[in-house]
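Since the structure comes first, as structure tokens, the remarks are kept for the end.
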Amino acid sequence: MEKQYNTMKEFWPFYLGEHRNKVNRILHFIGSTGVIAFAVCAAYFMDWRYLVAMPLFGYGFAWVGHFFFEKNRPATFKYPFKSLGSDFVMYFYTWTGQIRRELDKIS
């Protein structure tokens, strides 16, 4: 029976374990940065097309990372909201230089 994750605290170690490959994490970082940039552009230019581009850009980079580098199935297929939240937690830890510490916790 597959484990069910009820809280973000339970889900985070699983999510991070699915992102051990550095290239995958870099691709996620690029995708998340693009998502933020598209959100800012949507608000600034008041143009809904940026909102359409957000998931295409973000998931595009992330899924390339999973399928070609990590060689696993993205957690977003089963846990879409927890994965989205965890992606931005990983983005924060990467941006602040704390991702290695987080990875060491699950090793």
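Could you give each residue of the range 81-87 its phi-based ³J(HN,Hα) in whole Hz, using Karplus coefficients 6.51, -1.76, 1.60 with θ = phi - 60°, and x for Gly or Pro?
Result, rounded to whole Hz: 7, 5, 5, 4, x, 5, 4.
For the range 90-101, just list the computed ³J(HN,Hα) in residue order, Karplus coefficients 6.51, -1.76 and 1.60, θ = phi - 60°, integers in Hz, with x standing in for Gly and Pro.
4, 4, 4, 5, 5, 4, 9, x, 9, 5, 4, 4
Could you tell me whether the range 21-106 comes out rounded, prolate or oblate from its Cα gyration tensor? Rule is a ≥ b ≥ c as square roots of the eigenvalues, rounded for a/c under 1.5, then prolate if a/b exceeds b/c, otherwise oblate.
Prolate shape, in that a/c is at least 1.5 and a/b is the bigger ratio.
Quick one: 3J(HN,Hα) in Hz for the range 54-61, Karplus 6.51/-1.76/1.60 with θ = phi - 60°, rounded, Gly and Pro as x.
Calculated HN-Hα couplings, in order: 3, x, 4, 5, x, 5, x, 5 Hz.
Fully extended, how many nm does the chain gain between Thr33 and Asp47 (0.36 nm per residue separation, minus their Cα-Cα distance)?
Full extension of this stretch gives 3.2 nm more.
Readers should treat all values here as calculations from the given coordinates under stated rules, not as data from a laboratory. As the structure is a computational prediction, the values presented were derived from the model and not from experiment.
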